[in-house]
Amino acid sequence: MLRPLLRLLAPLALVALPAILPAQTLVIVTGREVLSPVPTLWKNDQSNREISDLLFLRLADLGPALRTTDERAFLPRLARRWTRRDSVTLAFELDPRAHWHDGAPVTPADVILSYRRAADRALSPQLSTLLGRIVAVEAEGERTVVVRFREAYAEQLYDATYQAPPLPAHLLARVPPESLATSAFVRAPVGNGPYRWVGRTPGQRLELRADTTFFLGRPGIQRMVQLVVPDGEARANLLRTGEVDAIDNVYGLPNFRRVERLADYAYYPAPGLILGFAGFNFRDPADTSRAHPLFQDPLVRQALVLALDRAAISKASWGPLTTTPDAPLSAIVGRNVASPPVLAYDTSAARRLLARAGWRDTDGDGVLDKGGRPLRFRLMVPSVSTPRVEMATRMQEAWRRLGIAAELDLVEPGTYMTRRGQGRYDLEFWQPLQDPTPSGLVQSWACAGIGGSNVGHYCNPAVDSLLARGSRAGAAEATRRWSEAVARIAEDVPAVFLYALVYGTAVHRRFTNVTIRPESAWSTVWQWRLRPGQALPRDGQ
Amino acid sequence: MSGWLLRRAAQAALTFVLAVSLAFVVMRLAPGDPLARLTEDRPLAPETLARLRARYGLDQPLAAQYGAFLAGVARGDLGTSILRDEPVTRLLAERLPATLLLGGTALLLNFTIGIGLGTWQATRAGGRGDRWLTRVVLATYAMPSFWLGLVLAWVFAVELRWFPSASCATRCWPPTPAGPRAWPTSRGTWCCRPPPCPS
């Protein structure tokens, strides 16, 4: 039956003729659309960051090891060199060749504008917290920017360069700061990086073209097209048919093992900044002035963690390379900070802890209870996140076997964020994009973060003290203090830590000199090259 | 006749107003803050959220919001998408051609193949071909559409490669250098907007 049908439709294939294109092209597919790839406008989104990093350079980039405290490992970008004038002052000399895509030179005014936006609490509450120790950013002559800090600490260079890449002051000086997010600039950003903005078809694709005058070297790939395909099966098909050259995370695809076997693609595992956990609410969702009736007890929290084979649960959804931390450590941060001992999967130990805490099934309904209260809670999960819904279902089943009744609260993202912000949940399945430094932990795991990113109200002054001491210390001591802080957080079990993503980026073998930066997969695309004789019709021959 | 026409017009107008009102009410009854999605990638200060609330009219009483919504609909203005910060009408217009193409093609295939096969079967009613085709058609009809869709995508996009496996596209004809709407692939050039292709 299939053959006649195919014969019937065969004439449609006549139009399938190759075309000739002028440029070497890299086609990438992703599941999430890039909406605002402009520095200071995004914070927690990997897709925005990856495109932003192609358009906008920083003064300096983290070295390949991503050690935020190692000043010698930073790579010059817009600044061709920097000098330390004293323990609280850094001076950056801008590269005179650096220019914006409209031809204007990069000036200290650009650096100052971006810093001011980031430091404005009303515009960027999270960035302003992170950059709180910068007291001034000033121009000195036409090419020098001086950054002054409140105190001496190991991450000064990181703070001065990472969070707020410069924005073009000559284009944005007249745009009211609060209007940048809705300005025409966001729809057609003018950057200074290796690629310039060409355009976007909403919901479908965006296109960048190489800046042939890029001052650090002419990009080898002249055109980059990013296709937006939310459906995982369709993304996998694009790889199978060779319609795309690269994908950001093979392990995010359904049946990723079949995709992994495609011989045309090389796979680059890279630790990521994404951390996944189910965070306990330490406050009663019905009355946030009271402690949570279940989760105030550390024995219950520990038992809930011990009851889960977290490694199996996360690998089933995120692939074999994904790691399971016991503390808020993404795979990148976990490389530079010692991880605490593992709370291993042990259902017997979980049962013992619950019994010790007084939980027994007194009425024989299969659910543990204590003082007439069942061990029942709701796990809030964003319904649009298939991996999280899958994992939550497995967690629910594992808990059920121990007499713990977890109800899944699948809600759409707007509702999720609202209830998260208001503390109206028991347990929430969150997946933040971490900063590459442990000093960023203050946002979600320090008492000071309550009212901001610390929605669960976890608070341990000892952790705060260790994080603060780490942030003020020199490199070696900082690592020690951060490790101690992370160990304390792990002991407190403020969340069921599930996964630290390790990406499997796939790139077609027709490209060479491929490197994948863990924190921003495509930021080195300008250094990639097409292998001789490997051009396709889409590249132009 | 004119009375009948007037009655039908009044019914249509009432239905339209009810549908529009229902859309407004259902959106307002849905749990969650419309601005909450914005804070997912970019935490916002309370004063910024208040400013955005005012910008989108969300700080107004419900009746005022409803009035503004109805007035906008009357002018063909469906408001601004909070997530994308673009007029909703523009977003719809951008997607409409693909929707029409998809729906139109499905209808066209449905009618031509359906009528053709139906006619063929009618002329051979009760015959072997009719019986077999009835079985095949019933089996296809009984298949879950999501599964059938995956199978068809696999056959026509992955195996035969007649069509792109994702996105709205068609082969460029005649072959042309890539224009702003062109989508290069390993097998040639797909155009995001079906004919006419960029020239």
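Just wondering, is there one or more residues in the range A:157-172 that are more than 21 Å from A:Ala98 (Cβ to Cβ), among the small types (Gly, Ala, Ser) and within 27 Å of the chain's Cα centre (by Cα)?
no
Determine which single condition B:Asp85 fails, assuming it passes every other condition in (1) within 11 Å of chain A (Cβ to nearest Cβ); (2) among the acidic types (Asp, Glu); (3) assigned to a helix (DSSP H, G or I).
Failed condition: (3).
Give the range B:25-52 a look and list any residue that's within 27 Å of the chain's Cα centre (by Cα), modelled with pLDDT of 75 or more and acidic (Asp, Glu), or say none.
Result: B:Asp33, single match.
State all residues of the range A:378-391 that are among the hydrophobic types (A, V, I, L, M, F, W, C) and under 12 Å from A:Val411 (Cβ atoms); if no residue qualifies, say none. Don't jump to the end; show me each part of the working.
If we filter the range A:378-391 for residues that are among the hydrophobic types (A, V, I, L, M, F, W, C), which is where we start, we get A:379-381, A:384, A:389, A:391.
Those that are among the hydrophobic types (A, V, I, L, M, F, W, C) and under 12 Å from A:Val411 (Cβ atoms): A:Leu379, A:Met380, A:Val381, A:Val384, A:Val389.
Quick one: which helices (runs of 4 or more DSSP H) lie wholly within the range A:372-461 and hold at least 3 residues that are out of contact with any helix residue (DSSP H, G or I) (no Cβ under 6 Å at 6 or more places or on another chain) and crowded, with 20+ Cβ neighbours inside 10 Å?
In the range A:372-461, A:386-400, A:413-422 are the helices (runs of 4 or more DSSP H) which contain 3 or more residues that are out of contact with any helix residue (DSSP H, G or I) (no Cβ under 6 Å at 6 or more places or on another chain) and crowded, with 20+ Cβ neighbours inside 10 Å.
Between B:Phe16, B:Phe111, B:Phe24, which is touching a Phe, Trp or Tyr at 6+ places or on another chain (Cβ under 8 Å) and either in a helix (DSSP H, G or I) or facing chain A (nearest Cβ under 10 Å) (or both)?
The match here is B:Phe24.
Suppose we filter the range A:160-181 for residues that are out of contact with any helix residue (DSSP H, G or I) (no Cβ under 8 Å at 6 or more places or on another chain) and either away from chain B (no Cβ under 14 Å) or not in a helix (DSSP H, G or I) (or both); how many remain? Don't jump to the end; show me each part of the working.
Of the residues in the range A:160-181, the ones out of contact with any helix residue (DSSP H, G or I) (no Cβ under 8 Å at 6 or more places or on another chain) are A:160-162, A:174, A:176, A:179, A:181.
Now narrow it down to the ones that are either away from chain B (no Cβ under 14 Å) or not in a helix (DSSP H, G or I) (or both): A:160-162, A:174, A:176.
Residues flagged as out of contact with any helix residue (DSSP H, G or I) (no Cβ under 8 Å at 6 or more places or on another chain) and either away from chain B (no Cβ under 14 Å) or not in a helix (DSSP H, G or I) (or both) within the range A:160-181 amount to 5.
All but one of (1) β-branched (Val, Ile, Thr); (2) buried (at least 16 other Cβ atoms within 10 Å of the Cβ); (3) assigned by TED's automatic domain parsing to the domain that holds A:Pro39 hold for A:Val145; state the number of the condition that does not hold.
Answer for A:Val145: the failing condition is (3).
In this structure, is A:Glu412 without any contact (Cβ under 8 Å) to a residue 60 or more places away in the chain, of a type in the set (D, E, K, R), in contact with a Pro (Cβ under 8 Å, 6 or more places away or on another chain) and over 30 Å from A:Asp365 (Cβ atoms)?
Details: without any contact (Cβ under 8 Å) to a residue 60 or more places away in the chain: yes; of a type in the set (D, E, K, R): yes; in contact with a Pro (Cβ under 8 Å, 6 or more places away or on another chain): yes; over 30 Å from A:Asp365 (Cβ atoms): yes.
It is true that A:Glu412 is without any contact (Cβ under 8 Å) to a residue 60 or more places away in the chain, of a type in the set (D, E, K, R), in contact with a Pro (Cβ under 8 Å, 6 or more places away or on another chain) and over 30 Å from A:Asp365 (Cβ atoms).
When you scan the range B:61-75, do you find a residue that is at pLDDT 90 or above, of a type in the set (Val, Ile, Thr), within 17 Å of the chain's Cα centre (by Cα) and part of a helix (DSSP H, G or I), even just one?
Within the range B:61-75, not a single residue is at pLDDT 90 or above, of a type in the set (Val, Ile, Thr), within 17 Å of the chain's Cα centre (by Cα) and part of a helix (DSSP H, G or I).
If I filter the range A:337-345 for residues that are buried (at least 17 other Cβ atoms within 10 Å of the Cβ), out of contact with any Ser or Thr (no Cβ under 8 Å at 6 or more places or on another chain), without any contact (Cβ under 8 Å) to a residue 60 or more places away in the chain and part of a loop (DSSP other than H, G, I, E, B), do I get at least one hit?
Yes, there is a match, as at least one residue in the range A:337-345 is buried (at least 17 other Cβ atoms within 10 Å of the Cβ), out of contact with any Ser or Thr (no Cβ under 8 Å at 6 or more places or on another chain), without any contact (Cβ under 8 Å) to a residue 60 or more places away in the chain and part of a loop (DSSP other than H, G, I, E, B).
Is one or more of the residues making up the range A:439-461 of a type in the set (Ser, Thr, Tyr) and free of Cβ contacts under 8 Å to residues at least 24 places away in the same chain?
Quick first cut of the range A:439-461, residues of a type in the set (Ser, Thr, Tyr) only: A:439, A:444, A:453, A:458.
Now drop any that are not free of Cβ contacts under 8 Å to residues at least 24 places away in the same chain, which leaves none.
There is no residue in the range A:439-461 that is of a type in the set (Ser, Thr, Tyr) and free of Cβ contacts under 8 Å to residues at least 24 places away in the same chain.
Just to be sure, is A:Ser520 outside the structural domain of A:Ala331 (by TED's automatic domain parsing) and in contact with a helix residue (DSSP H, G or I) (Cβ under 9 Å, 6 or more places away or on another chain)?
Yes: the conditions hold for A:Ser520.
Has the range A:64-72 got any residue that is surrounded by 23 or more Cβ atoms within 10 Å (Cβ to Cβ) and modelled with pLDDT under 95? Break it down stepwise before answering.
Initially, the range A:64-72 is screened for residues surrounded by 23 or more Cβ atoms within 10 Å (Cβ to Cβ), giving A:68-69.
From what is left, the residues that are modelled with pLDDT under 95 are A:68-69.
The answer is yes; a qualifying residue exists.
Give me the pairs: first residue in the range A:105-129 and more than 14 Å from chain B (Cβ to nearest Cβ), second residue among the polar types (S, T, N, Q) and surrounded by fewer than 20 Cβ atoms within 10 Å (Cβ to Cβ), beta-carbon distance under 7 Å, and six or more apart or on different chains, which are they?
Between residues of the range A:105-129 that are more than 14 Å from chain B (Cβ to nearest Cβ) and residues that are among the polar types (S, T, N, Q) and surrounded by fewer than 20 Cβ atoms within 10 Å (Cβ to Cβ), the close pairs are A:Pro108/A:Thr144.
Scan the range A:500-517 and give yes if some residue there is within 30 Å of A:Phe295 (Cβ to Cβ), more than 14 Å from every other protein chain (Cβ to nearest Cβ) and among the small types (Gly, Ala, Ser), otherwise no.
Yes, the range A:500-517 contains a residue that is within 30 Å of A:Phe295 (Cβ to Cβ), more than 14 Å from every other protein chain (Cβ to nearest Cβ) and among the small types (Gly, Ala, Ser).
Quick one: in the range A:227-279, of everything that is away from every other protein chain (no Cβ under 14 Å) and assigned to a loop (DSSP other than H, G, I, E, B), which residue is farthest from A:Ala311 (Cα to Cα)?
A:Ala263
In this structure, does A:Ser124 turn out to be surrounded by 17 or more Cβ atoms within 10 Å (Cβ to Cβ) and out of contact with any strand residue (DSSP E or B) (no Cβ under 7 Å at 6 or more places or on another chain)?
Numbers: surrounded by 17 or more Cβ atoms within 10 Å (Cβ to Cβ): yes; out of contact with any strand residue (DSSP E or B) (no Cβ under 7 Å at 6 or more places or on another chain): yes.
In short, yes.
Do we find a residue being touching a Pro at 6+ places or on another chain (Cβ under 8 Å), outside any loop (DSSP other than H, G, I, E, B) and at the interface with chain A (Cβ under 7 Å from one of its Cβ atoms) anywhere in the range B:35-44?
Scanning the range B:35-44 turns up at least one residue that is touching a Pro at 6+ places or on another chain (Cβ under 8 Å), outside any loop (DSSP other than H, G, I, E, B) and at the interface with chain A (Cβ under 7 Å from one of its Cβ atoms).
Report whether or not A:Ala164 is without any contact (Cβ under 8 Å) to a residue 60 or more places away in the chain and of a type in the set (Gly, Ala, Ser).
The answer is no for A:Ala164.
Suppose the filter is assigned to a helix (DSSP H, G or I), in contact with a helix residue (DSSP H, G or I) (Cβ under 7 Å, 6 or more places away or on another chain) and modelled with pLDDT of 90 or more; does B:Leu117 pass it? Please lay out each step first, then the result.
Numbers: assigned to a helix (DSSP H, G or I): yes; in contact with a helix residue (DSSP H, G or I) (Cβ under 7 Å, 6 or more places away or on another chain): yes; modelled with pLDDT of 90 or more: yes.
Here the answer is yes, as B:Leu117 does meet what is asked.
How many of the residues making up the range A:472-508 are aliphatic (A, V, I, L, M) and either assigned to a helix (DSSP H, G or I) or in contact with a Cys (Cβ under 8 Å, 6 or more places away or on another chain) (or both)?
8
May I ask you to list the residues in the range A:446-480 that are hydrophobic (A, V, I, L, M, F, W, C) and within 19 Å of A:Ser289 (Cα to Cα)?
If we filter the range A:446-480 for residues that are hydrophobic (A, V, I, L, M, F, W, C), which is where we start, we get A:446-448, A:450, A:455, A:459, A:462-463, A:466-468, A:473, A:475-476, A:478.
Passing the criteria: A:Ala446, A:Cys447, A:Ala448, A:Ile450, A:Val455, A:Cys459.
Please determine whether any residue of the range A:204-223 is more than 16 Å from A:Asp53 (Cα to Cα), free of Cβ contacts under 8 Å to residues at least 24 places away in the same chain, assigned to a helix (DSSP H, G or I) and within 14 Å of chain B (Cβ to nearest Cβ).
No: the range A:204-223 contains no residue that is more than 16 Å from A:Asp53 (Cα to Cα), free of Cβ contacts under 8 Å to residues at least 24 places away in the same chain, assigned to a helix (DSSP H, G or I) and within 14 Å of chain B (Cβ to nearest Cβ).
Considering only residues that are assigned to a helix (DSSP H, G or I) and closer than 19 Å to A:Glu71 by Cα, which ones fall in the range A:120-159?
Of everything in the range A:120-159, those that are assigned to a helix (DSSP H, G or I) and closer than 19 Å to A:Glu71 by Cα turn out to be A:Leu130, A:Gln156, A:Leu157, A:Tyr158, A:Asp159.
What's the number of the only condition in (1) within 14 Å of chain B (Cβ to nearest Cβ); (2) under 23 Å from the mean Cα position of the chain (by Cα) that A:Trp526 fails to meet?
(1)
Going through the range A:182-203 one residue at a time, which ones are within 14 Å of chain B (Cβ to nearest Cβ) and polar (S, T, N, Q)?
A:Thr182, A:Ser183, A:Thr201
The values are calculated or read from the model by the stated rules, or taken from the named source; none is laboratory data. No experiment lies behind these values; they were computed from the predicted model shown. Reconstructed Cβ throughout: ideal geometry from the backbone, glycine too, with neighbour counts over all protein chains shown.
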